[in-house]
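Contents: one structure, followed by commentary.
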Amino acid sequence: MSLVAVDLDSASTMELVHAASVIAAELARRTPPESAAACMELTETLTAATDMHEAALSGLIEMVERHKEVQRWGFPSTRSWLRSRLGMRESRAKERLTLARQWHRLPKVTERCTTGDLSFGYAATIADAVTRLNDDDCAQAEDILLDMVDQDFSAGKVASFGKRIRDVIAERDGTERPDTDSRRGYERSWIDSTRSLDGGRYIKGWLNPEDAAIWDGTLAPLAKPAGTDDHRDLPERTAAALTSVLAGGHRATKVTVICDLDTLTGGTAPARLTDGTSIPAPQARRIALTAGVSP
């Protein structure tokens, strides 16, 4: 039988970390209680304790980062150390490093984290929101975002409002810049894909009205549920439909564009799709060059 005895008043940080590691290892080996209600209560208690462990980690990582300790061990950056040595995914490593870097700039967040009054999720969200703010703006943003936490706004809402704070400050200082997607414009379609570590792909993009009509006309019929036993949600069915089309299992889709003769002969009045979506006149004329025309 293992015994962990720690005098909290006199124990060093290293001794406390060792004791916490031993207890965590024992908890991981334990079989959960048979009572679901007890498991729910224990989950909430353990999560709160884990959040305080995260607070301790933030202080430790901040010291490692500030003194560039990882370079002595051959790592190019603290984030690289978190990913390779500690096995964190990129998003997790970034989240922890961001909080550690902002730890000294967020005294109220720090205090509430160390007393168990603020979850790691909220703390990381606030840290990300103030990353690019100066110290004065950071202090004001900290108060605003903590007030939202106290009003029971979700972490997602706090993140959205944090982004809005950055936008307002950028507008005030004249440093606002359109995001990459906006700078592309909306006349031409684009798709960006990034390969994941397991060989899959993340996809995002924008389709102009003409291409969106082709997308809808092609994939919507194929993305319908296959029957009462088809429990896939719409995104899953859409992915399957797109794969089917890319594999050559579907014929070309017809898209109807309605426009005036004046538009075809150089006018500026927009054309439209059958659902009423507007098509710019130059784009309508380009489509007409390779399309069948029905007067």
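The values are calculated or read from the model by the stated rules, or taken from the named source; none is laboratory data. Keep in mind that this is a model prediction, so the values were computed, not measured. All Cβ positions, glycine included, derive from the backbone under ideal geometry; neighbour counts span all protein chains shown. Areas reflect the complete protein model, heavy atoms only, side chains present, ligands, DNA and RNA absent. Shrake-Rupley method; radii C 1.70, N 1.55, O 1.52, S 1.80 Å.
Computing FRET efficiency as 1/(1 + (r/R0)^6) for Ala48 and Ile214, where r is the C-beta to C-beta distance and R0 is 51 Å, gives about 0.50. For the stretch 1-48, the share of accessible area belonging to carbon and sulfur comes to 63 percent (1.4 Å probe, ligands and nucleic acids excluded). Answer rounded, prolate or oblate for the stretch 1-81, using the Cα gyration tensor with square roots of eigenvalues a ≥ b ≥ c: rounded when a/c is under 1.5, else prolate when a/b is larger than b/c, else oblate. Prolate shape, in that a/c is at least 1.5 and a/b is the bigger ratio.
Taking GluC sites (Glu not before Pro) as exposed when their DSSP state is a loop state and no more than 14 other Cβ atoms lie within 10 Å, the longest site-free interval of the chain runs over 35-175. Specify the residue with the greatest mean-square fluctuation among Ala28, Ala139, Ala48, computed from a Gaussian network of the chain linking alpha-carbon atoms under 10 Å apart. Per the Cα network of the chain with a 10 Å cutoff, Ala28 tops the list.
When only the Cβ of Lys, Arg, Asp and Glu is charged (+1, +1, -1, -1), the dipole of the chain relative to its Cα centre reaches about 1580 debye.
Ranking Gly59, Cys259, Thr115 by Cα position along the charge dipole of the chain, where only Lys, Arg, Asp and Glu carry charges on their C-beta atoms, puts Cys259 farthest toward the positive end.
Taking the longest Cα principal axis of the chain as reference, the axis of helix 13-29 is set at about 60 degrees. When Phe75, Phe161 are compared by accessible area of protein heavy atoms, the largest-first order is Phe161, Phe75, using a 1.4 Å probe. In the chain, which longest range has no trypsin sites (Lys or Arg not before Pro) that are both DSSP loop (not H, G, I, E or B) and surrounded by at most 16 other Cβ atoms within 10 Å? Result, exposed sites excluded: 133-187. Mind checking the stretch 1-104 for chymotrypsin sites (Phe, Trp or Tyr not before Pro) that DSSP puts in a loop (not H, G, I, E or B) and that have at most 14 other Cβ atoms within 10 Å? The qualifying sites are Trp73.
What relative contact order, as a whole-number percentage, does the chain give when Cα pairs under 8 Å and 6 or more residues apart are counted? The value is 8 percent. Projected label points at Ile287 and Ala28, each 7 Å from Cα along the beta carbon direction, are separated by 5.8 nanometres. Solvent-accessible surface of protein heavy atoms, probed at 1.4 angstrom with all chains present, puts Val255, Val17, Val70 in the order Val17, Val255, Val70, largest first.
Rolling a 1.4 angstrom probe over the protein heavy atoms with all chains in place gives the stretch 42-177 an accessible area of 61 Å² per residue.
Springs between alpha-carbon pairs under 10 angstrom, Gaussian network model over the chain: which of Gly227, Gly116, Gly59 fluctuates most? Maximum fluctuation in the GNM of the chain, among the listed residues, is at Gly227.
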